[in-house]
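Okay, so here's the structure we're looking at.
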Amino acid sequence: MHEIGIVRQLIRTVTAFAEENDVQDIREVVVDCGELSLVIPEYVEELYPVIAKDSILKDAKLTIHTVPGLAECEECDEVFNVVENKGRCPNCGSFEKTVMSGKDFRVREIIVPHDA
Ligand SMILES: [Zn+2]
């Protein structure tokens, strides 16, 4: 389960942000989880409170935003959802494609309380 490493990295990223910006408290972290990133959001949600409890994120809510895995067909330029079409172009049937989105797991937004 490589999500442990993913969550630790997430907490390191946010902690570094907080130190750089002199933030003491974080209300919410929004992450983008690509459908093709091989990260399972349910595992991240499960691990997050356990790993975050000793960090600046202990009281912060985690919101996972799923990013669809879209690719452009090399043969006919059709843009399609990779997961829904099992990697195959629905227009011409080709497997040759360029993935355009949904490969990354990354921090999208860090929300700090207004009165902090
Ligand atoms: Zn095609």
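Read the figures in this text as sums done on the coordinates, not as results from a lab. These numbers come from a predicted model, not from an experiment. Note: ideal-geometry Cβ built from the backbone for every residue, glycine included; neighbour counts use all protein chains shown.
Tabulated results
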read-out: Any chance residue 65 is away from the ligand (no atom under 14 Å from the Cβ), free of Cβ contacts under 8 Å to residues at least 24 places away in the same chain and not charged (D, E, K, R); value: no
read-out: Residues of the range 58-95 classified as within 18 Å of residue 26 (Cβ to Cβ), assigned to a loop (DSSP other than H, G, I, E, B) and aliphatic (A, V, I, L, M), total; value: 1
read-out: Residue in the range 34-49 that is assigned to a strand (DSSP E or B), in contact (Cβ under 8 Å) with a residue 40 or more places away in the chain, surrounded by 12 or more Cβ atoms within 10 Å (Cβ to Cβ) and of a type in the set (Asp, Glu) present; value: no
read-out: Selected residue [under 19 Å from residue 6 (Cα atoms), under 16 Å from the mean Cα position of the chain (by Cα) and more than 16 Å from the ligand (Cβ to nearest atom)] from 39, 50; value: 39
read-out: The range 96-115, subset in a strand (DSSP E or B) and within 16 Å of the ligand (Cβ to nearest atom), residue nearest to residue 67 (Cα to Cα); value: 100
